[in-house]
1. About its Cα centre, what dipole magnitude does segment 153-248 give when the only charges are +1 on Lys and Arg Cβ and -1 on Asp and Glu Cβ, stated in debye to the nearest 20?
2. Got a sec to turn the phi values of segment 174-188 into Karplus ³J(HN,Hα) couplings, 6.51 cos²θ - 1.76 cosθ + 1.60 with θ = phi - 60°, whole Hz, x for Gly and Pro?
3. Arrange 156, 228 by Cβ neighbour counts within 10 Å, fewest through most, would you?
4. How charged is the neighbourhood of residue 27? Take every other residue with its Cβ under 12 Å from the Cβ of residue 27, and add Lys/Arg as +1 and Asp/Glu as -1.
5. Give a quick list of GluC sites (Glu not before Pro) in segment 137-230 that DSSP marks as loop, anything other than H, G, I, E or B, with at most 10 other Cβ atoms within 10 Å.
6. What's the magnitude of the charge dipole for segment 5-192 around its Cα centre, counting Lys and Arg as +1 and Asp and Glu as -1 at the beta-carbon? Answer in Debye, nearest 20.
7. For each pair in 41/213; 33/161; 41/70; 70/161; 39/70, compute the distance between the two Cα atoms and list the pairs where it is over 22 Å.
8. Quick check: from the Cα gyration tensor, does segment 5-192 come out rounded (a/c under 1.5), prolate or oblate?
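Just so it is clear, none of the values below were taken in a lab; they were calculated from the coordinates. Quick caveat, the model's predicted, so the values are computed rather than measured. Glycine also receives a Cβ, built like all others from the backbone with ideal geometry; neighbour counts cover every protein chain displayed.
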Amino acid sequence: MTLYQPFLGAAIACLQERLPLQPYPIPAGFESKSALVGKGKHQETVVTTSVAFQTPKLRQIRAAHVQGGKSLQVLNFVIFPQLQYDLPFFGADLVTLPGGHLIALDMQPLFRDDPQYQAKYTQPLLPTFEHFRQHLPWGGDFPAEAQPFFSPAFLWTRPEKTEVVETHVFEAFLAYLHQYLDFVEQAEPILEPQSLAAIEQAQLRYLRYRAEKDPARGMFTRFYGPEWTEEYIHGFLFDLERQLTHPRS
Ligand code: DBV
C-alpha cells in the first residue's frame, strides 16, 4: 500500500456514495504509464495512473497518481465543475519527494476578491480550515503568482512526519471533499449570460495557469519524455481548452 492509495480509494468511495458518477474518457496511452528510473541500487519503476469521472454538475473529476517508491509518491486530484455552475475547483496536490512532503489542499475560487463569492464558498470552509491548521502549519514560500488562485482556506503545509500525512492530512482531505460535495449538491445552474461568460473566463484563466506552470512538468518530462508529458497536460490533466475547441461527441 503506497502513501496516497488510501486517499484515492476513500475519495472514490465518497464520490460514488454521493454523486451519480459516470466515467470520463481517458485518452489512449494515459491510463497507465511506467518507466524505469535511476541507476543500480536506486533503480525504481515509476508508474503514473489516471482516473477520471464526470457528473451532470462536474465536467471532470480526475486524479493522477504517481508511484515510484518510498521517496516518490504524488496524488494530484482536481475537480472541474461544468461551466453553468459558479462552483470553485476542488484541488489537492499531495506530493512526497526525497526532500519531504508537500501538501496543497483548497477549494480554489473562480472570483477570489468578490465578497459575495467568498461568503458563499469560502466562509463556510473557514472553521474546517482553522481546525486542521493547528496540526498543519503554513508551509512557507509559494509562488506569488499562484496566490490569486487560492482561497483564504488554503491548507499549505510541509509535514515532517509521514504519520501526519496519514492522519491529519488524510482527515483534512476528506473533510474538504465532503464540504465540496455539499456545495455541489446545493449548486443551481447559472442563467445570466454575463455571469456565464465570467465563469468561462475564470475557468480558462485557472486552467491556462495550471497547464503552463504545472510543477510536475519537469518530473514527467524526465520520466516519460516531452511529447508524452505535453499531451498528458493539455489532453488530460488540464483539458478544458481542447474540450471547448474539439468537444467529445
Ligand atoms: N502538481 C500538479 C500536477 C501534478 C503535480 C498535475 C500530477 O498540478 C505535482 C502531478 N506539485 C507536483 C510536484 C511538485 C509540486 C509542487 C511533483 C514538486 C515540484 C518540485 O519540487 O520539483 C500547488 N504544488 C507544488 C508547489 C505548489 C503546488 C505551490 C510548489 C511549487 C513551487 O514552489 O514552485 N496546486 C499547485 C499549484 C497550484 C495548485 C502551483 C496553482 C493553482 O492548485
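1. On the way: 10 positive and 16 negative charges, 83 e Å.
Here segment 153-248 has a charge dipole of around 400 debye.
2. Working through the residues one at a time gives 6, 5, 5, 5, 4, 5, 4, 5, 4, 4, 4, 4, 7, 5, 10 Hz.
3. Working: 156 20, 228 17.
Listing 156, 228 from fewest to most nearby Cβ atoms yields 228, 156.
4. Computed value for this residue: +1.
5. Passing sites in segment 137-230 are 160.
6. Working: 13 positive and 19 negative charges, 140 e Å.
I would put it at about 680 debye.
7. On the way: 41/213 33 Å; 33/161 29 Å; 41/70 14 Å; 70/161 13 Å; 39/70 16 Å.
Among 41/213; 33/161; 41/70; 70/161; 39/70, the Cα-Cα distance tops 22 Å for 41/213; 33/161.
8. On the way: a/c = 1.99, a/b = 1.32, b/c = 1.51.
In terms of gyration-tensor shape, oblate.
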